[in-house]
Each structure stands twice: as C-alpha cells, then as structure tokens.
Amino acid sequence: MVTLSTRTVQDHVALAEIELCGELMIAASAAIGERLSADRIDEVLNVGAGTELTAVPRQGDRRG
C-alpha cells in the first residue's frame, strides 16, 4: 500500500511546473492563430533576455 500523505522535497517544483503549464495552456487558448510566438511564451513564463534572476534561456535562443 502506498502512503500519499508524505511530502517529497520536489513537491514545490512539481507544483510550479504544473502552474506554468496551466499558464501556457490559458495563453494558448486565448491566442489568435495556431501557435504562441517565442516572445509570448517568454512573457507567460516570465523569462527574457535581460533577466538575471532565472537560468531559463529565452525560447527564441534555442531555435536555429
């Protein structure tokens, strides 16, 4: 039997990821067109080229 009442250290990380996915889904459902732009994704995820508080690269930087 698995006990679900014990919390793991990664619970806060999982909850943050779920929240970000939810924000992206909301933005995508409100978007006009087929896709969100890289700039809109960065805006929703609160990342940017000048952001020093996060180690997440801009989505546009990953594309070649």
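The values are calculated or read from the model by the stated rules, or taken from the named source; none is laboratory data. Treat the numbers as computed from the prediction; the structure is a model and nothing was measured.
Could you tell me which of the residues 42, 61 is in a helix (DSSP H, G or I) and modelled with pLDDT under 75? If you could, list the steps in order and put the result at the bottom.
Details: 42 fails: modelled with pLDDT under 75.
Of 42, 61, the one residue that is in a helix (DSSP H, G or I) and modelled with pLDDT under 75 is 61.
So for the range 8-28 (the condition being modelled with pLDDT of 75 or more and of a type in the set (S, T, N, Q)), does at least one residue qualify? No, the range 8-28 contains no residue that is modelled with pLDDT of 75 or more and of a type in the set (S, T, N, Q).
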